[in-house]
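In what follows, a single structure is set out as structure tokens and then discussed.
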Amino acid sequence: HPRHFVDLWKQDVATLRALIADARARKTARLGWPKGRFDADAPARDRTLAMIFEKNSTRTRFSFDAAIRQLGGRSIIATASDMQLGRGETVEDTAKVLSRMVDAVMIRANSHETLERFAAASAVPVINGLSDKSHPCQIIADLMTYEEHRGDVAGRTLAWVGDGNNMCASFMHVAGQLGFTLRVAAPAAYAPNRDDIVLGIERGARIEITEDPREAVAGADAVIADTWVSMGDLDHDERLAALEPYQVDADLMALAAPDALFLHCLPAHRGEEVTDEVLDGPQSVVWDEAENRIHAQKAILAWCFGG
Ligand code: CP
Ligand code: NVA
């Protein structure tokens with residue numbers, strides 16, 4: 001069976017820990033190197049990664065492309081609407097064909113079901129590059145970033161503020177395995193999905209949900225924000241109105257622990273979910289978080305290739 005990387009709740013603690021450790025080791029080992037040079041072990045030498053995008057991307061696209069190159073492989077990138085997928089060829093048939101041509105497939109999908117169907121029909125590893133339900137690769141980079149600044153995340157409290165979206169779900173999926181408490185502050189209309197809360201709790205997660213951002217952030221070790229309007233969300237005005245009290249500004253950050261970090265997967269909507277003062281401030285680690293996408297993708301790719 002190919003090693004798919006579709007959802008974090010399916011991964012055991014040892015795998016999650018190994019991914020973060022490998023990402024950090026790869027980052028350290030090539031400090032100061034030109035970004036195009038291969039890692040010493042080049043575990044994806046002779047491998048090709050296909051990337052299919054149904055939605056926009058900057059970080060995921062560039063980091064996966066840089067990552068597969070640094071691992072010694074190469075990529076083929078396509079927009080789903082340019083493919084026959086966009087004219088009705090089935091997901092399963094596409095998966096069977098690409099399995100004969102490439103060694104792994106990363107997909108950014110509108111619907112999580114597309115990823116699951118692709119993975120079920122694919123003979124090669126399938127990686128979730130974000131869906132409406134989850135964003136597992138981002139969470140590996142985020143936890144790596146937290147730990148490089150503050151050490152083990154186990155026993156810490158992370159506060160998610162805003163929409164209970166795909167990113168929030170992925171944090172809930174690993175909170176139990178990695179031993180951190182996740183507090184979520186969201187308005188009732190945009191609270192996290194029950195199924196994702198259950199998946200987390202079944203794996204031992206401590207998840208505390210409130211509508212009050214001040215309560216969620218009080219004493220927290222990290223404050224995490226994301227856009228209020230994710231790709232595919234159509235209720236833009238309703239979201240902005242409901243989420244306005246959830247902006248992470250300096251006053252809200254001041255309620256967190258004095259050494260709390262601010263995380264955001266980016267792209268940021270400055271002046272909406274976060275102020276410039278916080279995003280560009282001393283507690284923000286968002287640029288490290290973006291860089292760490294490369295290192296995390298490399299650990300994920302190497303794992304998919306059996307490393
Ligand atoms: N954080 C993230 O996944 O960014 P992109 O949408 O630019 O890939
Ligand atoms: N929640 C956002 C994350 C973007 C990287 C979205 O799905 O659009």
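Read the figures in this text as sums done on the coordinates, not as results from a lab. None of these values were measured; they are calculated from a predicted model. Here the Cβ is made from the backbone with ideal geometry for all residues, glycine too, and neighbour counts use every protein chain on show.
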Could you check which residue among M231, M144, M51 shows the biggest mean-square fluctuation in a GNM of the chain with a 10 Å Cα cutoff? M231
Can you list which of the DSSP-assigned H helices in the chain have a Cα extent of 15 Å or more along the long axis and an average Kyte-Doolittle score of at least -1.0? 13-29, 59-70, 136-150, 166-178, 286-304
With +1 at each Lys and Arg Cβ and -1 at each Asp and Glu Cβ, the charge dipole magnitude of the chain around its Cα centre, to the nearest 20 debye, comes out at 1720 debye
Fluctuation leader among L240, L143, L31 - the chain, Gaussian network, Cα springs under 10 angstrom: L31
Which of W228, W287, W33 ends up with the largest GNM mean-square fluctuation for the chain, with Cα atoms connected below 10 Å? W33
Specify which residue in the list M231, A268, G151 is farthest towards the positive end of the charge dipole of the chain, using unit charges on the beta carbon of Lys, Arg (+1) and Asp, Glu (-1), about the Cα centre. G151
Under the Karplus curve 6.51 cos²θ - 1.76 cosθ + 1.60, θ = phi - 60°, whole-Hz ³J(HN,Hα) for region 31-42, x wherever Gly or Pro sits: 4, x, 6, x, 5, x, 6, 5, 5, 4, 8, 5
Within region 150-189, what residues put their amide N at less than 17 Å from the label point 7 Å along the Cα-to-Cβ vector of D235? 162-166, 186-189
If each K or R counts +1 and each D or E counts -1, the residues other than P267 whose Cβ falls under 10 Å of its Cβ total +1
Please work out the Cα center distance from region 168-194 to region 84-132, rounded to the nearest Å. 27 Å
